[in-house]
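Novice: Dropping the structure in here first, questions after.
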């Protein structure tokens, strides 16, 4: 149970700090806010690793729980500051250029991110294995710099589910994009990794 609670806390941190920064900076209104939000998401990721298939369902469940709690706390904070309500109140994702574009962007970015995670945490990656968290965090910054303009960047369905539940409207109606896109991207990454992995 401790590992699932740790996953919940980790997703809470990612969602609260990343989405909180997006809300506080009014992400999308200028270049500085986009860069700041990207850095916040990247720095929120300290370490990642692969999990056993039998644990996958519970990890996903606790990630969603962590994201919902983070979005609830963030929504409560935003409610106390009317100046923030004019922005996306919980940092929810939305497809700026339509759902097809959103699926493509999320699939490609997720595939790239998962490939970095697989490479950084590979058992035979002795050269950079000690810096896996840094590599993963920096890659997440780059992924957000590319994706924020198009979708707000999710690459993690749990991170999208929590905020969408509180944001409602377009964020909730397009939530499926941020589940399907990363799912497709993960499959692509797994297939690519299987083809290129040395062991």
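Where a number appears in this text, it was derived from the coordinates with a stated rule and is not lab data. Predicted, not measured: the structure shown is a model, and the values here were computed from it. Quick reminder, even Gly has a Cβ in these numbers, built from the backbone with ideal geometry, and neighbours come from all protein chains shown.
Novice: So if we plug the beta-carbon distance of residue 179 and residue 43 into 1/(1 + (r/R0)^6) with R0 = 30 Å, what FRET efficiency do we get, rounded to 0.05?
Specialist: That gives a FRET efficiency of 0.75.
Novice: OK, next. If we sort 105-113, 175-183 on the protection proxy, mean other Cβ atoms within 10 Å, highest first, what's the order? Please report the intermediate quantities before stating the final value.
Specialist: Values: 105-113: 23.9, 175-183: 21.1.
Packing order, densest peptide first, comes out as 105-113, 175-183.
Novice: Ranking request for peptides 4-14, 63-73: highest mean number of other beta-carbon atoms within 10 Å first, then the rest in descending order.
Specialist: 63-73, 4-14
Novice: Extending each Cα 7 Å along its Cβ direction at residue 55 and residue 131, get the distance between those two points in nm, one decimal.
Specialist: So the two model labels end up 2.6 nm from each other.
Novice: Moving on to the next point. Taking every pair of alpha-carbon atoms in the chain, what share in percent sits in each 10 Å bin, from 0 to the bin with the longest distance?
Specialist: Calculated P(r), rounded to whole percents: 10, 36, 39, 13, 2, 0.
Novice: If you take the beta carbon distance between residue 32 and residue 170 as r and set R0 to 25 Å, what does 1/(1 + (r/R0)^6) give as a FRET efficiency, to the nearest 0.05?
Specialist: 0.50
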